[in-house]
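Accompanying notes for the structure given below.
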Amino acid sequence: MPSKKPIIHCDALVVHCMDYRLQKFIQPWITVRFGYDNFDIISLAGSVHDYEMVLKYVQLAVQIHTIETVCLINHEDCRAYGRDGTYSRHKHDLKDAQKKILALFPHLNVETFYLHLDGVFERIS
Ligand SMILES: [Zn+2]
């Protein structure tokens, strides 16, 4: 008999920076936002800084977990950006990644946030 694996699903893919200073804010926020076991998560230096890498994971999460939401989180004082890491640059990169993801996956809900070092999540729109 042909065996077919059942569909497994979670609601979201979360993309955030590797920076240790943010984890204490990110983990509880994600859990409140999406639930304890309802998201895929990747941690990359600079978050959306490497868009091609982010895209690989978006494609994979759509394919294997039928996600509906992508949550992109860049943050203040990101050392992966170095001197280029201005507020406007982060805002630009987040919107750019959002636009590119939506062009490829129009059915997704793509959320963008700028996380301040004091733990405030600022919605970028
Ligand atoms: Zn960072």
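Find all pairs meeting these conditions: Cβ atoms under 7 angstrom apart; at least six residues apart or on different chains; first residue within the stretch 32-44 and charged (D, E, K, R); second residue at pLDDT 95 or above and open to solvent by 30 Å² or more (accessible area, probe 1.4 Å). That search, which allows pairs on different chains as well, returns ASP40/HIS65. Can we say CYS10 is surrounded by 18 or more Cβ atoms within 10 Å (Cβ to Cβ), within 13 Å of the ligand (Cβ to nearest atom) and either free of Cβ contacts under 8 Å to residues at least 60 places away in the same chain or not in a helix (DSSP H, G or I) (or both)? In short, no. Just name the residue that is farthest from the ligand (Cβ to nearest atom) out of those in the stretch 70-98 that are more than 14 Å from SER125 (Cα to Cα) and surrounded by 18 or more Cβ atoms within 10 Å (Cβ to Cβ). So the residue we want is VAL70.
Taking GLN27, is it surrounded by fewer than 18 Cβ atoms within 10 Å (Cβ to Cβ), of a type outside the set (D, E, K, R) and within 21 Å of ALA97 (Cα to Cα)? Here the answer is no, as GLN27 does not meet what is asked. Residues that are more than 15 Å from the chain's Cα centre (by Cα) and not small (Gly, Ala, Ser) were ranked within the stretch 29-60; the one that is nearest to the ligand (Cβ to nearest atom) is VAL32.
The values are calculated or read from the model by the stated rules, or taken from the named source; none is laboratory data. Please read these numbers as outputs of a predicted model, since none were measured by experiment. Counting neighbours? That spans all protein chains shown, and the Cβs are built from the backbone with ideal geometry, glycine included. These accessible areas exclude ligands, DNA and RNA; they are computed on the full protein's heavy atoms, side chains included. Shrake-Rupley method; radii C 1.70, N 1.55, O 1.52, S 1.80 Å.
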